[in-house]
1. Could you look through segment 251-261, keep only residues that are surrounded by fewer than 23 Cβ atoms within 10 Å (Cβ to Cβ) and out of contact with any His (no Cβ under 8 Å at 6 or more places or on another chain), and pick out the one that is nearest to Phe304 (Cα to Cα)?
2. Between Pro101, Pro62, Pro150, which is surrounded by 24 or more Cβ atoms within 10 Å (Cβ to Cβ), over 20 Å from the mean Cα position of the chain (by Cα) and either among the aromatic types (Phe, Trp, Tyr) or modelled with pLDDT of 95 or more (or both)?
3. Starting from segment 95-122, keep only residues that are under 16 Å from Ile145 (Cα atoms), then list their pairs with residues that are among the β-branched types (Val, Ile, Thr) and in a helix (DSSP H, G or I) whose Cβ atoms are within a distance under 9 Å, requiring at least 6 positions of separation or different chains.
4. Does Asn271 count as touching a residue at least 24 places away in the same chain (Cβ under 8 Å) and more than 30 Å from Cys83 (Cβ to Cβ)?
5. Is there any pair with a first residue in segment 185-199 that is at positive phi and a second that is assigned to a loop (DSSP other than H, G, I, E, B) and among the hydroxyl-bearing types (Ser, Thr, Tyr) whose Cβ atoms are under 6 Å apart and which are 6 or more apart or on different chains, and what are they?
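The values are calculated or read from the model by the stated rules, or taken from the named source; none is laboratory data. In this text the structure is predicted, and so the values were computed from the model without any measurement. Glycine gets a Cβ as well: all are built from the backbone with ideal geometry, and neighbour counts include every protein chain shown.
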Amino acid sequence: MTDRGMATLAVHAGAAAPDLDYTPICTPIHNAVTYMYGSMSTLDAVFSGQRPGYVYSRFGNPTVAALEKAVAQLAGTAAAVACGSGMAALHLALLAAGARPGNTVLTAEDPYGGTLSLLREVFAASGIGVHAVDMTDLNAVAKAIEDWQPTVVLLETISNPLLRVADVCRVAQLTHAAGAALIVDNTFATPYLYRPADDGADYVVHSATKYLGGHGDVVGGIIAASEERCQAARELQKLIGNVLGPNEAWLILRGLRTLVLRMRQHCHNANLVAHFLSSHPRVRRVYYPSLPTHPQFALCRRLFATNMCGGVVSFELDTDDQVQVFRFMDALRLIRAATSLGDVTSLILYPARSSHRSLSEAERQQLGIVAGLVRLSAGIEDASDIIADLAQALAGLQ
């Protein structure tokens, strides 16, 4: 190529990857948009699906595929599909499961606020029936399924932010008996605590932004399911375009390497924090599944084989004054007020003005999102330092 012009050299020099007789121990980041092969017949075979490979990164990418394989193995499913965010993954799972105009989605009455907004403002607005039920009340779930005949049932293993726990196995049985598909958002539990696919979930969704990535530096989402269901989701994804980039996939894949170690510390810290808060005079109520006062305490001990209950603790201060709640949050020195969870750093937020801000005051009251409720995502710092920070901030309440 040395006899070619400078512009040509700048474009093509070093572009052809060499044949390798070695394997890097870390998954490479494949930033290529498109891929070439030795002949058009080979490219055509890849396009047609007769030969494995990649042609365009909206259709598939090697780094993203490595993440999908890793998550599928952790989730106990045959395949997985990575998306640009947790909400994108949930949206795609609902579509792949059959949420179409004229059909019905049955959801939990107290999910993440973004999930409620997606169902109301996108799905219900397009002619899809959306109904809610208390997923912890199996009799109510059975009646709702009988009454509404849903195509899709959607729940969270551990709900956000009140940490209610669903009996996935029983809900799956009721769902499948009606010929519907079950989607389980397992973000709070992660595959380390619980694998919903083992108990009949058809689609398992994770906001990989949270514990899978784990370091507060990447946004992504994952659907884990059977190969057939994932293939159908991929075909939709090609059209919708909600793909995950290779750099983001690499960061999440790196986060997975320490998932178990981090989750052990998250859960350990959250458990200690929950017990501290439950005896504090300025705290009205604590929501955490390992506490005997939790309504699904017995279910949690059966569901979570590790006897760990996640890294999130929600609690009500003994005040309904937003000014006092904000004063408490502003007084924190170690714990950061930020809208996420699952980070190595401890984070706290005010659900009424963040995750559930789009709901009316009456709706929040009905769900239990009261004025004094805050949600803490315990990081992996020393538990004593997290508790000391909470103690000094609580001491400043009037």
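1. So the residue we want is Val260.
2. Details: Pro101 fails: surrounded by 24 or more Cβ atoms within 10 Å (Cβ to Cβ); Pro62 fails: surrounded by 24 or more Cβ atoms within 10 Å (Cβ to Cβ).
None of the others qualify; the one that does is Pro150.
3. Between residues of segment 95-122 that are under 16 Å from Ile145 (Cα atoms) and residues that are among the β-branched types (Val, Ile, Thr) and in a helix (DSSP H, G or I), the close pairs are Leu106/Val141; Leu106/Ile145; Leu106/Thr175; Thr107/Thr115; Ala108/Thr115.
4. Details: touching a residue at least 24 places away in the same chain (Cβ under 8 Å): yes; more than 30 Å from Cys83 (Cβ to Cβ): yes.
Answer is yes for this residue.
5. Sorted first by the residue in segment 185-199, then by its partner, the pairs are Thr190/Tyr211.
Here's the yes/no breakdown for (1) surrounded by 20 or more Cβ atoms within 10 Å (Cβ to Cβ); (2) within 17 Å of the chain's Cα centre (by Cα):
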residue: Asp110; (1), (2): yes, yes
residue: Leu138; (1), (2): no, no
residue: Thr157; (1), (2): yes, yes
residue: Val171; (1), (2): yes, no
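Matching residues to (1) in a strand (DSSP E or B); (2) surrounded by 21 or more Cβ atoms within 10 Å (Cβ to Cβ); (3) modelled with pLDDT under 95; (4) of a type in the set (A, V, I, L, M):
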| site | (1), (2), (3), (4) |
| --- | --- |
| His206 | yes, yes, no, no |
| Lys210 | no, yes, no, no |
| Ile223 | yes, yes, no, yes |
| Ala233 | no, yes, no, yes |
| Arg264 | no, no, no, no |
| Ala270 | no, yes, no, yes |
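Per-residue answers, yes or no, for (1) at pLDDT below 90; (2) within 22 Å of Ala388 (Cβ to Cβ):
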| position | (1), (2) |
| --- | --- |
| Ala298 | no, no |
| Glu316 | no, yes |
| Met329 | no, yes |
| Val344 | no, yes |
| His356 | yes, no |
| Leu359 | yes, no |
